[in-house]
Amino acid sequence: MRLRYISLFAVLTACSTVVPQQETAPVTPAAPAASASASSASSEAATPAAPAATPLPANATFDDWKQSFIAKAAGQGFDPLFTAQVLSNVVPQASVTSSDSQQPEFSKPASAYIRQAVTDSRFAAARTRLDANPNVPDIVKTYGVPAEVLGGIWTMESDLGRVQGNIDVVSALATLAYNGRRRDWAESELIACLKILRDSGISRDTLKGSWAGAMGQTQFLPDNYLTLGVDGDHDGKVDIWTSDSDALASTANLLAKAGWKPDEEWAVEVMLPVGFDYYLAETAKKTPTEWAALGVKRADGGYWKPAEMNESSTILLPSGARGPAYLALPNHYVIRKYNNSTAYALGVGLLADGIAGHTGPVTPWPVEQPLSLNQRLKSQQALKAAGFDPGVIDGVIGVGTRQAIRDWQRANHLTADGYLSFDLANQFVVMTGGTAEVR
(Lines give C-alpha, C1' and ligand atoms only; values in the text may rest on other atoms or scores of the structure.)
Protein backbone atom coordinates (compact mmCIF):
# COMPACT_ATOMS: atom_id res chain seq x y z
CA MET A 1 0.00 0.00 0.00
CA ARG A 2 1.29 3.46 -0.86
CA LEU A 3 1.75 5.51 2.27
CA ARG A 4 1.82 9.27 2.32
CA TYR A 5 2.35 10.49 5.84
CA ILE A 6 2.15 14.07 6.98
CA SER A 7 5.61 15.52 6.57
CA LEU A 8 7.19 18.78 7.57
CA PHE A 9 7.20 19.87 3.93
CA ALA A 10 3.68 18.76 3.34
CA VAL A 11 1.97 20.11 6.33
CA LEU A 12 3.94 20.79 9.43
CA THR A 13 0.68 19.57 10.98
CA ALA A 14 -1.29 21.42 8.84
CA CYS A 15 -3.66 20.10 11.20
CA SER A 16 -5.22 21.36 14.23
CA THR A 17 -3.08 20.53 17.13
CA VAL A 18 -5.32 21.45 19.94
CA VAL A 19 -3.52 23.25 22.67
CA PRO A 20 -5.26 25.42 25.24
CA GLN A 21 -6.14 28.80 23.77
CA GLN A 22 -3.40 31.32 24.19
CA GLU A 23 -1.02 31.69 21.33
CA THR A 24 -2.84 29.28 19.11
CA ALA A 25 -2.15 28.34 15.58
CA PRO A 26 -2.17 24.57 14.73
CA VAL A 27 1.49 21.10 13.29
CA THR A 28 -1.58 22.57 13.39
CA PRO A 29 -4.31 24.74 14.68
CA ALA A 30 -5.15 22.20 17.21
CA ALA A 31 -2.73 20.66 14.94
CA PRO A 32 -5.53 19.11 12.97
CA ALA A 33 -3.09 17.46 10.95
CA ALA A 34 -4.05 13.90 9.77
CA SER A 35 -8.89 6.71 6.33
CA ALA A 36 -12.53 4.75 3.60
CA SER A 37 -11.07 1.37 3.54
CA ALA A 38 -7.79 0.58 1.86
CA SER A 39 -9.71 -1.07 -0.94
CA SER A 40 -11.23 2.25 -1.93
CA ALA A 41 -7.81 3.27 -3.16
CA SER A 42 -7.85 0.47 -5.71
CA SER A 43 -9.33 2.79 -8.31
CA GLU A 44 -5.96 4.55 -8.47
CA ALA A 45 -4.44 1.62 -10.34
CA ALA A 46 -6.94 2.03 -13.17
CA THR A 47 -6.45 5.77 -13.70
CA PRO A 48 -3.89 7.00 -16.23
CA ALA A 49 -0.85 8.90 -15.11
CA ALA A 50 -1.33 12.65 -14.89
CA PRO A 51 0.36 14.72 -17.59
CA ALA A 52 3.17 17.01 -16.57
CA ALA A 53 1.70 20.10 -14.97
CA THR A 54 2.09 23.35 -16.87
CA PRO A 55 3.60 25.96 -14.54
CA LEU A 56 1.27 28.86 -13.85
CA PRO A 57 2.54 32.33 -14.70
CA ALA A 58 3.36 34.62 -11.78
CA ASN A 59 0.30 36.76 -12.49
CA ALA A 60 -2.11 33.82 -12.75
CA THR A 61 -5.58 34.36 -11.28
CA PHE A 62 -7.43 31.88 -9.09
CA ASP A 63 -9.61 31.02 -12.10
CA ASP A 64 -6.45 30.31 -14.10
CA TRP A 65 -5.37 27.87 -11.39
CA LYS A 66 -8.84 26.24 -11.38
CA GLN A 67 -8.71 25.57 -15.11
CA SER A 68 -5.20 24.16 -14.78
CA PHE A 69 -6.28 21.83 -11.98
CA ILE A 70 -9.42 20.70 -13.84
CA ALA A 71 -7.18 19.67 -16.73
CA LYS A 72 -4.80 17.88 -14.37
CA ALA A 73 -7.69 16.00 -12.73
CA ALA A 74 -9.02 15.02 -16.17
CA GLY A 75 -5.67 13.41 -16.85
CA GLN A 76 -6.32 11.19 -13.82
CA GLY A 77 -9.76 10.12 -14.96
CA PHE A 78 -12.04 12.75 -13.43
CA ASP A 79 -14.85 14.22 -15.52
CA PRO A 80 -14.07 17.93 -16.01
CA LEU A 81 -17.71 18.78 -15.28
CA PHE A 82 -17.51 16.93 -11.96
CA THR A 83 -14.30 18.71 -10.94
CA ALA A 84 -15.66 22.07 -12.04
CA GLN A 85 -18.78 21.50 -9.96
CA VAL A 86 -16.70 20.64 -6.88
CA LEU A 87 -14.72 23.86 -7.35
CA SER A 88 -17.64 26.02 -8.46
CA ASN A 89 -18.05 28.07 -5.28
CA VAL A 90 -14.46 27.80 -4.06
CA VAL A 91 -12.55 31.04 -3.48
CA PRO A 92 -9.17 31.68 -1.83
CA GLN A 93 -9.35 31.75 1.96
CA ALA A 94 -7.32 34.52 3.61
CA SER A 95 -7.39 32.68 6.95
CA VAL A 96 -5.68 29.67 5.36
CA THR A 97 -2.88 31.80 3.93
CA SER A 98 -2.39 33.44 7.32
CA SER A 99 -2.37 30.18 9.28
CA ASP A 100 0.15 28.63 6.91
CA SER A 101 2.86 30.83 8.43
CA GLN A 102 1.91 30.37 12.08
CA GLN A 103 2.48 26.95 13.57
CA PRO A 104 3.02 26.72 17.33
CA GLU A 105 5.14 23.59 17.19
CA PHE A 106 7.78 25.68 15.41
CA SER A 107 7.17 29.22 16.71
CA LYS A 108 6.67 29.06 20.45
CA PRO A 109 9.13 27.82 23.10
CA ALA A 110 8.91 24.09 23.76
CA SER A 111 8.25 24.70 27.45
CA ALA A 112 5.22 26.89 26.71
CA TYR A 113 3.92 24.47 24.11
CA ILE A 114 4.22 21.53 26.52
CA ARG A 115 2.65 23.40 29.45
CA GLN A 116 -0.41 24.16 27.35
CA ALA A 117 -0.71 20.73 25.78
CA VAL A 118 0.15 18.39 28.66
CA THR A 119 -2.16 18.74 31.67
CA ASP A 120 -3.70 16.53 34.35
CA SER A 121 -7.22 17.31 33.14
CA ARG A 122 -6.34 16.06 29.67
CA PHE A 123 -4.87 12.85 31.10
CA ALA A 124 -8.09 12.17 32.98
CA ALA A 125 -10.39 12.99 30.06
CA ALA A 126 -8.48 10.76 27.62
CA ARG A 127 -8.28 7.91 30.12
CA THR A 128 -12.04 8.04 30.65
CA ARG A 129 -12.84 8.01 26.93
CA LEU A 130 -10.41 5.20 26.16
CA ASP A 131 -11.61 3.04 29.05
CA ALA A 132 -15.24 3.49 27.97
CA ASN A 133 -14.63 2.35 24.37
CA PRO A 134 -15.15 -1.41 23.95
CA ASN A 135 -13.21 -1.46 20.66
CA VAL A 136 -9.95 -0.08 22.06
CA PRO A 137 -8.54 -3.42 23.36
CA ASP A 138 -9.03 -4.99 19.92
CA ILE A 139 -7.44 -1.98 18.18
CA VAL A 140 -4.40 -2.21 20.46
CA LYS A 141 -4.09 -5.96 19.91
CA THR A 142 -4.42 -5.64 16.13
CA TYR A 143 -1.92 -2.84 15.58
CA GLY A 144 0.38 -3.04 18.61
CA VAL A 145 0.11 0.67 19.40
CA PRO A 146 -0.64 1.39 23.09
CA ALA A 147 -3.99 2.98 23.93
CA GLU A 148 -2.27 5.84 25.72
CA VAL A 149 -0.32 6.80 22.59
CA LEU A 150 -3.51 6.82 20.56
CA GLY A 151 -5.04 8.92 23.32
CA GLY A 152 -2.12 11.34 23.13
CA ILE A 153 -2.61 11.93 19.41
CA TRP A 154 -6.40 12.08 19.75
CA THR A 155 -5.99 14.74 22.45
CA MET A 156 -3.40 16.77 20.56
CA GLU A 157 -5.24 16.69 17.26
CA SER A 158 -8.79 17.52 18.28
CA ASP A 159 -9.12 17.55 22.08
CA LEU A 160 -10.76 14.11 21.88
CA GLY A 161 -12.92 15.10 18.91
CA ARG A 162 -14.12 18.41 20.33
CA VAL A 163 -12.18 20.67 17.93
CA GLN A 164 -12.02 19.12 14.47
CA GLY A 165 -12.00 22.33 12.43
CA ASN A 166 -14.86 23.79 10.40
CA ILE A 167 -13.05 24.92 7.26
CA ASP A 168 -14.13 23.48 3.92
CA VAL A 169 -11.21 21.17 3.12
CA VAL A 170 -11.53 21.62 -0.64
CA SER A 171 -11.33 25.42 -0.27
CA ALA A 172 -8.35 25.16 2.10
CA LEU A 173 -6.37 22.89 -0.21
CA ALA A 174 -7.30 24.95 -3.26
CA THR A 175 -5.98 28.05 -1.50
CA LEU A 176 -2.70 26.35 -0.64
CA ALA A 177 -2.38 25.05 -4.21
CA TYR A 178 -3.02 28.48 -5.71
CA ASN A 179 -0.51 30.12 -3.35
CA GLY A 180 2.06 27.85 -4.89
CA ARG A 181 4.43 27.17 -2.00
CA ARG A 182 3.23 23.56 -1.74
CA ARG A 183 1.24 23.30 -4.95
CA ASP A 184 2.11 19.72 -5.92
CA TRP A 185 1.27 18.43 -2.46
CA ALA A 186 -1.96 20.43 -2.16
CA GLU A 187 -3.14 19.37 -5.61
CA SER A 188 -2.45 15.70 -4.83
CA GLU A 189 -4.61 16.04 -1.71
CA LEU A 190 -7.34 17.71 -3.79
CA ILE A 191 -7.26 14.71 -6.13
CA ALA A 192 -7.82 12.56 -3.04
CA CYS A 193 -10.80 14.76 -2.13
CA LEU A 194 -12.28 14.15 -5.58
CA LYS A 195 -11.87 10.39 -5.06
CA ILE A 196 -13.58 10.59 -1.68
CA LEU A 197 -16.52 12.56 -3.09
CA ARG A 198 -16.85 10.35 -6.16
CA ASP A 199 -16.24 6.91 -4.71
CA SER A 200 -16.68 6.83 -0.93
CA GLY A 201 -20.21 8.06 -0.37
CA ILE A 202 -18.95 10.96 1.74
CA SER A 203 -20.78 14.26 1.32
CA ARG A 204 -19.07 17.57 0.62
CA ASP A 205 -20.47 18.95 3.90
CA THR A 206 -18.57 16.24 5.77
CA LEU A 207 -15.22 17.37 4.37
CA LYS A 208 -14.59 19.96 7.04
CA GLY A 209 -11.32 20.28 8.89
CA SER A 210 -8.27 22.41 9.49
CA TRP A 211 -6.72 25.15 7.40
CA ALA A 212 -4.27 22.58 6.02
CA GLY A 213 -6.89 20.10 4.90
CA ALA A 214 -6.75 17.64 7.81
CA MET A 215 -10.03 16.05 8.86
CA GLY A 216 -11.69 14.15 11.65
CA GLN A 217 -10.94 13.34 15.26
CA THR A 218 -7.32 12.47 14.60
CA GLN A 219 -6.91 14.84 11.67
CA PHE A 220 -6.20 12.73 8.61
CA LEU A 221 -5.34 14.29 5.30
CA PRO A 222 -7.58 13.13 2.42
CA ASP A 223 -4.97 10.78 0.93
CA ASN A 224 -4.39 9.17 4.33
CA TYR A 225 -8.13 8.74 4.71
CA LEU A 226 -8.21 6.78 1.47
CA THR A 227 -5.12 4.64 2.09
CA LEU A 228 -5.06 4.17 5.87
CA GLY A 229 -8.64 4.58 7.10
CA VAL A 230 -10.01 1.69 9.17
CA ASP A 231 -13.52 0.66 10.21
CA GLY A 232 -12.77 0.37 13.92
CA ASP A 233 -16.35 -0.13 15.10
CA HIS A 234 -17.17 -2.68 12.37
CA ASP A 235 -20.28 -0.92 11.05
CA GLY A 236 -19.23 -1.16 7.41
CA LYS A 237 -17.96 2.39 6.90
CA VAL A 238 -15.01 4.54 7.89
CA ASP A 239 -16.20 7.61 9.77
CA ILE A 240 -13.27 9.44 11.34
CA TRP A 241 -15.51 12.40 12.16
CA THR A 242 -18.11 10.90 14.51
CA SER A 243 -16.78 7.42 15.33
CA ASP A 244 -14.10 7.40 18.06
CA SER A 245 -13.23 3.82 17.14
CA ASP A 246 -12.72 4.53 13.44
CA ALA A 247 -10.48 7.52 14.23
CA LEU A 248 -8.40 5.55 16.73
CA ALA A 249 -8.09 2.47 14.53
CA SER A 250 -7.06 4.60 11.55
CA THR A 251 -4.40 6.31 13.62
CA ALA A 252 -3.15 2.98 14.97
CA ASN A 253 -2.94 1.70 11.39
CA LEU A 254 -0.90 4.76 10.32
CA LEU A 255 1.54 4.39 13.22
CA ALA A 256 1.88 0.63 12.74
CA LYS A 257 2.68 1.01 9.05
CA ALA A 258 5.14 3.79 9.91
CA GLY A 259 7.11 1.27 11.98
CA TRP A 260 5.80 1.43 15.56
CA LYS A 261 7.70 -0.96 17.84
CA PRO A 262 5.25 -2.42 20.40
CA ASP A 263 7.81 -3.43 23.04
CA GLU A 264 9.60 -0.09 23.28
CA GLU A 265 9.05 3.35 24.78
CA TRP A 266 8.86 6.49 22.65
CA ALA A 267 11.54 8.33 24.67
CA VAL A 268 12.91 8.41 28.21
CA GLU A 269 14.04 11.40 30.25
CA VAL A 270 17.75 11.22 31.04
CA MET A 271 20.24 13.03 33.24
CA LEU A 272 23.42 14.26 31.57
CA PRO A 273 26.77 14.19 33.39
CA VAL A 274 28.84 17.23 34.28
CA GLY A 275 31.02 18.16 31.33
CA PHE A 276 28.72 16.48 28.80
CA ASP A 277 29.40 17.50 25.21
CA TYR A 278 26.09 19.09 24.29
CA TYR A 279 27.05 19.12 20.64
CA LEU A 280 26.21 15.41 20.61
CA ALA A 281 22.53 16.20 21.22
CA GLU A 282 20.44 15.68 18.09
CA THR A 283 23.58 14.92 16.05
CA ALA A 284 24.93 11.63 17.43
CA LYS A 285 23.07 8.31 17.35
CA LYS A 286 24.05 5.72 19.92
CA THR A 287 22.46 2.83 21.76
CA PRO A 288 21.29 3.37 25.35
CA THR A 289 24.26 1.24 26.42
CA GLU A 290 26.69 3.49 24.56
CA TRP A 291 25.09 6.62 26.03
CA ALA A 292 25.38 5.08 29.49
CA ALA A 293 29.11 4.64 28.91
CA LEU A 294 29.27 8.43 28.49
CA GLY A 295 27.54 8.96 31.84
CA VAL A 296 23.98 9.40 30.57
CA LYS A 297 21.49 7.93 33.06
CA ARG A 298 17.74 7.41 33.10
CA ALA A 299 16.10 10.09 35.22
CA ASP A 300 13.70 7.54 36.72
CA GLY A 301 16.48 5.21 37.80
CA GLY A 302 14.89 2.40 35.80
CA TYR A 303 16.24 -0.11 33.32
CA TRP A 304 16.06 -0.34 29.58
CA LYS A 305 13.85 -3.03 28.07
CA PRO A 306 15.73 -5.81 26.24
CA ALA A 307 14.34 -4.66 22.89
CA GLU A 308 15.64 -1.13 23.51
CA MET A 309 19.21 -1.99 24.47
CA ASN A 310 20.61 -1.98 20.93
CA GLU A 311 18.34 0.63 19.39
CA SER A 312 19.79 3.73 17.79
CA SER A 313 18.72 6.67 19.97
CA THR A 314 19.25 10.42 20.03
CA ILE A 315 19.43 12.96 22.84
CA LEU A 316 16.95 15.82 22.53
CA LEU A 317 17.25 19.15 24.36
CA PRO A 318 13.95 20.89 23.55
CA SER A 319 14.74 23.80 25.91
CA GLY A 320 18.50 23.67 25.62
CA ALA A 321 20.97 22.76 28.34
CA ARG A 322 18.73 24.26 31.05
CA GLY A 323 15.70 22.05 30.41
CA PRO A 324 14.84 18.35 30.46
CA ALA A 325 16.87 16.00 28.26
CA TYR A 326 15.25 13.04 26.50
CA LEU A 327 16.71 9.98 24.87
CA ALA A 328 14.52 9.56 21.79
CA LEU A 329 13.94 5.97 20.68
CA PRO A 330 12.64 4.92 17.23
CA ASN A 331 8.99 5.35 18.29
CA HIS A 332 9.60 9.07 18.80
CA TYR A 333 10.31 9.34 15.09
CA VAL A 334 7.24 7.26 14.26
CA ILE A 335 5.13 9.88 16.06
CA ARG A 336 6.87 12.48 13.91
CA LYS A 337 5.55 10.72 10.83
CA TYR A 338 2.24 12.13 12.03
CA ASN A 339 3.62 15.62 12.49
CA ASN A 340 7.30 16.31 11.89
CA SER A 341 7.89 18.50 14.91
CA THR A 342 9.98 17.67 17.96
CA ALA A 343 7.64 19.66 20.21
CA TYR A 344 4.59 17.87 18.81
CA ALA A 345 6.10 14.42 19.32
CA LEU A 346 7.15 15.34 22.85
CA GLY A 347 3.64 16.59 23.55
CA VAL A 348 2.05 13.37 22.33
CA GLY A 349 4.57 11.23 24.23
CA LEU A 350 4.17 13.14 27.49
CA LEU A 351 0.38 13.02 27.16
CA ALA A 352 0.66 9.26 26.65
CA ASP A 353 2.85 8.95 29.74
CA GLY A 354 0.34 10.92 31.78
CA ILE A 355 -2.61 8.90 30.49
CA ALA A 356 -0.71 5.76 31.53
CA GLY A 357 -0.19 7.21 35.01
CA HIS A 358 3.52 8.03 34.77
CA THR A 359 4.98 11.10 36.43
CA GLY A 360 6.26 14.14 34.56
CA PRO A 361 9.89 15.13 33.98
CA VAL A 362 12.34 15.26 36.88
CA THR A 363 14.01 18.36 35.47
CA PRO A 364 11.47 21.19 35.38
CA TRP A 365 10.72 23.06 32.19
CA PRO A 366 12.30 26.53 32.28
CA VAL A 367 10.28 29.69 31.71
CA GLU A 368 11.24 30.82 28.23
CA GLN A 369 10.62 34.12 26.51
CA PRO A 370 8.76 33.71 23.19
CA LEU A 371 10.66 34.80 20.11
CA SER A 372 9.20 37.19 17.56
CA LEU A 373 9.17 36.30 13.88
CA ASN A 374 11.72 39.06 13.34
CA GLN A 375 14.08 37.48 15.88
CA ARG A 376 13.77 34.07 14.24
CA LEU A 377 14.27 35.40 10.71
CA LYS A 378 17.19 37.62 11.70
CA SER A 379 18.81 34.70 13.54
CA GLN A 380 18.70 32.58 10.41
CA GLN A 381 20.02 35.45 8.31
CA ALA A 382 22.89 36.09 10.74
CA LEU A 383 23.82 32.42 10.82
CA LYS A 384 23.87 32.18 7.04
CA ALA A 385 25.94 35.38 6.75
CA ALA A 386 28.42 33.92 9.25
CA GLY A 387 28.82 30.76 7.17
CA PHE A 388 26.47 28.47 9.10
CA ASP A 389 23.64 27.61 6.71
CA PRO A 390 20.27 27.07 8.46
CA GLY A 391 18.50 26.16 5.24
CA VAL A 392 15.45 28.10 4.10
CA ILE A 393 15.10 31.51 5.78
CA ASP A 394 11.53 31.03 6.97
CA GLY A 395 11.48 31.74 10.72
CA VAL A 396 10.93 28.04 11.49
CA ILE A 397 13.44 26.88 14.10
CA GLY A 398 13.71 23.31 12.92
CA VAL A 399 16.49 20.74 12.71
CA GLY A 400 18.52 22.67 10.15
CA THR A 401 18.49 25.91 12.10
CA ARG A 402 19.32 24.15 15.36
CA GLN A 403 22.30 22.48 13.70
CA ALA A 404 23.52 25.82 12.36
CA ILE A 405 23.19 27.33 15.85
CA ARG A 406 25.06 24.37 17.34
CA ASP A 407 27.90 24.78 14.86
CA TRP A 408 28.07 28.53 15.47
CA GLN A 409 28.08 28.01 19.25
CA ARG A 410 30.90 25.49 19.05
CA ALA A 411 32.94 27.79 16.79
CA ASN A 412 32.48 30.56 19.35
CA HIS A 413 33.35 28.36 22.35
CA LEU A 414 29.81 28.40 23.79
CA THR A 415 27.62 25.57 25.10
CA ALA A 416 26.67 23.95 21.80
CA ASP A 417 23.13 22.89 22.65
CA GLY A 418 21.56 24.30 19.46
CA TYR A 419 19.05 26.29 21.48
CA LEU A 420 17.89 29.71 20.33
CA SER A 421 17.26 31.63 23.53
CA PHE A 422 15.82 35.14 23.66
CA ASP A 423 19.24 36.60 24.43
CA LEU A 424 20.98 34.65 21.67
CA ALA A 425 18.30 35.66 19.19
CA ASN A 426 18.88 39.30 20.12
CA GLN A 427 22.60 38.80 19.58
CA PHE A 428 21.89 37.54 16.07
CA VAL A 429 19.52 40.47 15.45
CA VAL A 430 22.29 42.90 16.35
CA MET A 431 24.70 41.00 14.08
CA THR A 432 22.38 41.80 11.15
CA GLY A 433 22.35 45.49 12.05
CA GLY A 434 19.01 45.37 13.87
CA THR A 435 17.97 46.49 17.33
CA ALA A 436 17.69 44.03 20.21
CA GLU A 437 14.13 43.46 21.39
CA VAL A 438 13.03 44.12 24.97
CA ARG A 439 11.74 41.33 27.19
Q.
With a 1.4 Å probe and all protein chains left in place, how much of the accessible area of the chain comes from carbon and sulfur atoms, in whole percent?
A. 54 percent
Q: Wrap a convex hull around the Cα atoms of region 233-319, take a quarter of its surface area, and give that in square nanometres.
A: 8.2 nm²
Q) Where does region 82-212 land on the Kirkwood hydrodynamic radius, alpha-carbon pairs, in angstrom? A) 17.2 Å
Q: Using label points projected 7 Å from each Cα along Cα→Cβ, tell me how many nm separate Glu437 and Lys257, to one decimal.
A: 4.0 nm
Q. Label Arg322 and Leu373 with points 7 Å out from Cα along Cα→Cβ: what is the distance between them in nm?
A. 2.6 nm
Q. For the chain, what is the calculated [θ] at 222 nm in deg cm²/dmol (nearest 500), taking -39500 (n - 2.57) for each run of four or more DSSP H residues and dividing by its residue count?
A. -12500 deg cm²/dmol
Q: Stick to the Cα atoms of the chain, pair each with every other, and give me the Kirkwood hydrodynamic radius in Å at one decimal.
A: 22.5 Å
Q: Using θ = phi - 60° and the Karplus relation 6.51 cos²θ - 1.76 cosθ + 1.60, list the HN-Hα couplings for region 139-154 in order, rounded to whole Hz, with x at every Gly or Pro.
A: 5, 5, 5, 5, 10, x, 9, x, 4, 5, 5, 4, x, x, 5, 4
Q | Relative contact order computed over region 357-437 (Cα-Cα under 8 Å; 6+ residues apart), in percent | A | 29 percent
Q. By per-residue mean of other Cβ atoms within 10 Å, what is the highest-first order of 344-353, 329-338?
A. 344-353, 329-338
(Q) Using a Debye calculation, one point per C-alpha and no hydration shell, please list log10 I(q)/I(0) for region 177-230 at q = 0.25 Å⁻¹ in order. (A) -1.05
Q.
So, R0 is 51 Å and r is the distance between the beta-carbons of Asn166 and Lys305; what FRET efficiency does that work out to, to 0.05?
A. 0.75
Q: State the extension gain, in nm to one decimal, for the chain segment bounded by Arg181 and Thr359, taking 0.36 nm per residue of separation less the distance between their alpha-carbons.
A: 59.9 nm
Q. Relative to a virtual label point 7 Å from the Cα of Thr289 in the Cα→beta-carbon direction, which members of region 311-327 show backbone nitrogen distances below 20 Å?
A. 311-315, 327
Q) Of the peptides 391-397, 112-118, 186-192, how do they stack up when ordered by the mean number of other Cβ atoms within 10 Å, highest first? A) 186-192, 112-118, 391-397
Q.
With the cut-off at 1.5 for a/c, could you classify region 138-288 from its C-alpha gyration tensor as rounded, prolate or oblate?
A. oblate
Q | Cα-based Lys proximity count in region 236-387, under 25 Å, for pairs eight or more positions apart or on separate chains | A | 18
**Q.** FRET E, pair Ile393, Asp235, Förster distance 41 Å, beta-carbon r, rounded to 0.05
**A.** 0.25
**Q.** Ala267 long-range amide H proximity, modeled H, under 5 Å
**A.** Leu329
Q) Can you give the accessible area per residue of the chain, in Å², using a 1.4 Å probe? A) 41 Å²
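The values are calculated or read from the model by the stated rules, or taken from the named source; none is laboratory data. Predicted, not measured: the structure shown is a model, and the values here were computed from it. Don't worry about glycine lacking a Cβ; one is built from the backbone with ideal geometry, like all the others, and counts go over all protein chains shown. All accessible areas refer to the heavy atoms of the entire protein, side chains included, with ligands and DNA or RNA removed. Shrake-Rupley method; radii C 1.70, N 1.55, O 1.52, S 1.80 Å.
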